[in-house]
Amino acid sequence: MKKTIVFIGGLLMLLSGCAKEVRPVDPQAATLLSPTNDETCLDGSSINDTQSNLDFSWSAATNALSYEVVITHLLTQTTQTFASTTNKKTITLTKAEPYSWLVRSIGEEGSVPSESVQWKFYLAGDAVVNYAPFPSELISPPSGANINPDINHLVILNWTASDVDGDLLKFEVYLDKSSATTLITEVEYREKETSLEVEVANNTTYYWKIIAVDANGNQSSSGVYAFRTN
């Protein structure tokens, strides 16, 4: 009898050791619907001279119990997060300003939230007939990167840009060793993604930014990135 009890106890311990904790299923990413990407949003409801209520919508995501709408003001890079239990949310924003937005799907406790793609839009302003380009997105070198110049001491700056009015004209490229205040060249706008080779020194930290300019003289700044050469 004693041997039987020991055997059963050992079997129970073995089975419990093999059991795996079941983790909740992660929610899927939502698909953004409105406001649409790279557009001037004209359907906001004006509430005063400077603000409008804007309706955001996205597809319901599988295994999502709630959502977070993440809004970024593209000029100041300030971010606000708004909770929602449905796939719609009305948010008050400042008129005539550029924004980006994404939706974070939240599932059961213990699951990992999923993020949608990020879209950009301009919230229409009263009597505004032409909007500045969206701030350029600096792709490479990424901020804080250490990079190796080629044999000719050249590195490639790469960025993307877009404009809701379709009149993007040129880019002003700033590069120096302190605060990206030195204009080194201008590049004509040809397509959404642009690249430029620049000469650099080894073992040096550089700062760079892009100013996008449209045909009406409206401008927007990418903000400053820094990289170091090896």
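The fraction of all Cα pairs in the chain landing in successive 5 Å bins from 0 to the largest distance is 1, 6, 11, 13, 12, 11, 11, 9, 7, 5, 3, 2, 2, 2, 2, 1, 1, 0, 0, given as whole percents. Annotation: for a label point projected 7 angstrom from Cα along Cα→Cβ of THR205, residues of the stretch 112-146 with backbone N closer than 15 Å are 143-146. Near LYS95, once Lys and Arg are set to +1 and Asp and Glu to -1 for all other residues with Cβ below 10 Å from its Cβ, the sum equals -3. Length gained on full extension, GLU39 to THR94, computed as 0.36 nm times the residue gap minus the Cα-Cα distance: 18.2 nm.
Residue by residue, what Karplus-based ³J(HN,Hα) values in Hz, rounded to whole numbers, does the stretch 65-78 have, using 6.51, -1.76 and 1.60 with θ = phi - 60° and x for Gly and Pro? 3J(HN,Hα) across the stretch 65-78, in whole Hz: 9, 7, 9, 10, 9, 9, 10, 10, 7, 6, 7, 9, 6, 8. Taking the chain as the region of interest, the number of lysine pairs whose Cα atoms are within less than 25 Å, with members eight or more places apart or on different chains, is 10. Taking the fewest neighbouring Cβ atoms within 10 Å as the starting point, the ordered list for ASP163, ASP55 is ASP55, ASP163.
Based on the inverse mean of 1/r over its pairs of different Cα atoms, what is the Kirkwood hydrodynamic radius of the stretch 32-123, in Å?
Computed over the stretch 32-123, the radius equals 13.5 Å.
Positive contributions from Lys and Arg (+1) and negative ones from Asp and Glu (-1), summed over other residues with Cβ under 10 Å from the Cβ of LEU169, come out at -4. The HN-Hα couplings worked out from phi for the stretch 143-153 by the Karplus form 6.51 cos²θ - 1.76 cosθ + 1.60 (θ = phi - 60°) are 4, x, 6, 9, 10, 9, x, 6, 4, 9, 6 Hz, whole numbers, x standing for Gly and Pro.
Helix 2-18 axis versus longest C-alpha principal axis of the chain: approximately 10°, rounded to the nearest ten.
Relative contact order for the chain: what percent, with Cα pairs under 8 Å and sequence separation of 6 or more? Please report the intermediate quantities before stating the final value.
Values: 549 pairs, mean separation 40.9, N = 230.
This gives 18 percent for the chain.
Only DSSP H runs of four or more residues enter the estimate; each adds -39500 (n - 2.57), and after division by the residues of the chain the mean residue ellipticity at 222 nm equals -2500 deg cm²/dmol. Take the Cα of SER140, step 7 Å toward its Cβ, do the same at HIS73, and the gap between the two points is 3.3 nm.
Full extension of the chain between ASN63 and VAL128 gives 19.2 nm of extra length, using 0.36 nm per residue less the Cα-Cα distance.
Coordinate-derived values only; no laboratory data. Just so it is clear, the structure is predicted and the values come from calculations on it, not from any experiment. Note that we place each Cβ from the backbone using ideal geometry, even for glycine, and neighbour counts take in every protein chain shown.
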